[in-house]
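The values are calculated or read from the model by the stated rules, or taken from the named source; none is laboratory data. Quick caveat, the model's predicted, so the values are computed rather than measured. Positions of Cβ are backbone-derived with ideal geometry, glycine not excepted, and every protein chain shown enters the neighbour counts.
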Amino acid sequence: MPRPFRSLRRKLTLRARRQWLLARALRRGRQLRPVRDRTGRINPGDILLFATMRNEALRLPWFLDYYRAMGIRHFLVVDNGSDDGGRDYLSGQEDVSVWLAHTSYKAARFGMDWLNWLLHRHGAGHWCLTVDPDEFLVYPHHDTRPLQALTDWLDASNIRSFSAMLLDMYPRGSLVAQPYRAGQDPFQIARWFDPANYVIRKNGEYGNLWVQGGPRARAFFADDPENAPALNKIPLVRWRRGMAYVSSTHMLLPRSLNLVYDQDGGEKASGCLLHAKFLSTFAEKSAEELTRRQHYADSQEYLAYHAGLRDDPDFWCEQSCALRDWRQLEDLGLISKGNWA
């Protein structure tokens with residue numbers, strides 16, 4: 001088939017898929033029941049954060065404080081039937097709106113149908129950050145410049161989406177040896193990361209980069225690296241109606257939002273999501289999610305975690321690096337300033 005026809009067919013296919021995703025979001029959005037809806041307090045120009053959670057009460061105090069300090073003005077959270085008090089905690093926070101979903105996380109495309117609906121309903125016209133409760137954004141100059149400085153520059157540069165590689169952080173030694181406490185900085189414990197050991201390839205259909213590797217790949221998927229978790233994320237987007245996340249925050253439609261890299265040999269600005277999964281709570285959380293079987297590919301990832309955790313693994317190795325600051329990540333090529341001086 002000639003290239004122009006292939007290009008047209010792909011464009012039409014992706015447009016139809018986007019309409020299907022938006023229709024799903026509309027239907028699944030009806031499953032959400034407002035627990036505390038404060039979205040009337042959202043102001044023009046506010047940067048918003050969207051998340052789904054279940055039984056994350058221990059993480060919430062630090063999570064909220066971290067992103068408030070960064071400049072998030074309102075949190076929109078879907079709670080998938082928590083029973084640890086986290087929903088009540090969020091309901092008491094004046095800058096948080098909470099919805100309850102008692103229906104299947106898996107049937108809602110692992111929560112993305114719910115988030116696509118909230119993004120459609122409340123995110124249009126705003127910069128929107130979509131993350132999990134164990135993901136913490138860092139970007140060049142984040143220690144001296146608020147998130148709005150970055151989004152203002154993105155606006156001025158006519159850039160609509162910003163990528164951040166998921167960087168798995170871990171402690172040295174046993175995960176259970178250093179119990180995590182509510183309100184604690186998780187990176188006081190999980191200070192280490194893999195500086196290399198990453199594989200990158202391009203997704204021809206959606207145009208996004210697909211990144212795998214790090215401690216999860218070497219500890220849990222050494223014999224099956226192609227099924228290691230994806231680390232590529234596009235969490236920060238200037239949202240418009242008609243946009244939709246396709247698979248977690250790995251990729252979006254329209255396809256142009258996935259082109260967060262320079263194809264001519266240069267570099268575009270990018271960040272990292274520091275991933276605080278590997279704390280003392282990890283084994284209990286993995287066991288719960290394995291029992292629920294609500295995750296991708298019949299929870300194959302959590303089956304691998306369950307098997308690997310039997311021996312209380314130490315993710316640290318001779319190549320591990322202790323996190324210092326964003327400049328270290330830039331030197332390692334894990335984030336980039338691009339043209340943002």
* Asked: If you check every pair at least six apart or on different chains, which have Cβ atoms under 9 Å apart with a residue in segment 68-81 that is at positive phi first and a residue that is part of a loop (DSSP other than H, G, I, E, B) second?
  -> Gly71/Ile47; Gly71/Pro146; Gly81/Arg54; Gly81/Asn55; Gly81/Ala101; Gly81/His102; Gly81/Thr103; Gly81/Tyr105
* Residue within segment 117-131 that is touching an Asp or Glu at 6+ places or on another chain (Cβ under 9 Å), part of a loop (DSSP other than H, G, I, E, B) and either within 21 Å of Arg327 (Cβ to Cβ) or not β-branched (Val, Ile, Thr) (or both) present -> yes
* Restrict the check to segment 322-331 and report whether at least one residue is at pLDDT 95 or above, surrounded by fewer than 15 Cβ atoms within 10 Å (Cβ to Cβ) and part of a strand (DSSP E or B). => yes
* Return yes or no: is Val246 β-branched (Val, Ile, Thr), over 30 Å from Tyr180 (Cβ atoms) and not in a loop (DSSP other than H, G, I, E, B)? => yes
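Quick check on my filter: what residues within segment 83-96 are closer than 13 Å to Thr52 by Cβ and in contact with a helix residue (DSSP H, G or I) (Cβ under 9 Å, 6 or more places away or on another chain)?
Quick first cut of segment 83-96, residues closer than 13 Å to Thr52 by Cβ only: 86-87, 90.
Result: Gly86, Leu90.
On the basis of being in a helix (DSSP H, G or I) and under 14 Å from Leu32 (Cα atoms), does Asp88 make the cut?
Considered against the rule, which asks whether it is in a helix (DSSP H, G or I) and under 14 Å from Leu32 (Cα atoms), Asp88 comes out as no.
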* To do: Find the residue count for segment 191-209, including only residues that are in contact with a helix residue (DSSP H, G or I) (Cβ under 8 Å, 6 or more places away or on another chain), under 16 Å from Ser320 (Cβ atoms) and crowded, with 19+ Cβ neighbours inside 10 Å.
  => 2
* Asked: Looking at (1) without any contact (Cβ under 8 Å) to a residue 60 or more places away in the chain; (2) in a helix (DSSP H, G or I); (3) surrounded by fewer than 21 Cβ atoms within 10 Å (Cβ to Cβ), can you tell me which one Arg145 breaks?
  -> (2)
* To do: Determine if segment 94-116 includes at least one residue that is part of a helix (DSSP H, G or I), touching a residue at least 40 places away in the same chain (Cβ under 8 Å) and either of a type in the set (Val, Ile, Thr) or surrounded by fewer than 17 Cβ atoms within 10 Å (Cβ to Cβ) (or both).
  => no
* Structure fact -> Selection from segment 216-237 of residues in contact with a helix residue (DSSP H, G or I) (Cβ under 7 Å, 6 or more places away or on another chain) and more than 30 Å from Ser174 (Cα to Cα) yields Ile234, Val237
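Going through Gln263, Gln184, Gln188, Gln212 one at a time, which residue ends up being more than 22 Å from Leu48 (Cβ to Cβ), modelled with pLDDT of 95 or more and loosely packed, with under 15 Cβ neighbours inside 10 Å? Break it down into steps so the answer makes sense when it comes.
On the way: Gln263 fails: modelled with pLDDT of 95 or more; Gln184 fails: loosely packed, with under 15 Cβ neighbours inside 10 Å; Gln212 fails: loosely packed, with under 15 Cβ neighbours inside 10 Å.
Exactly one of Gln263, Gln184, Gln188, Gln212 is more than 22 Å from Leu48 (Cβ to Cβ), modelled with pLDDT of 95 or more and loosely packed, with under 15 Cβ neighbours inside 10 Å, namely Gln188.
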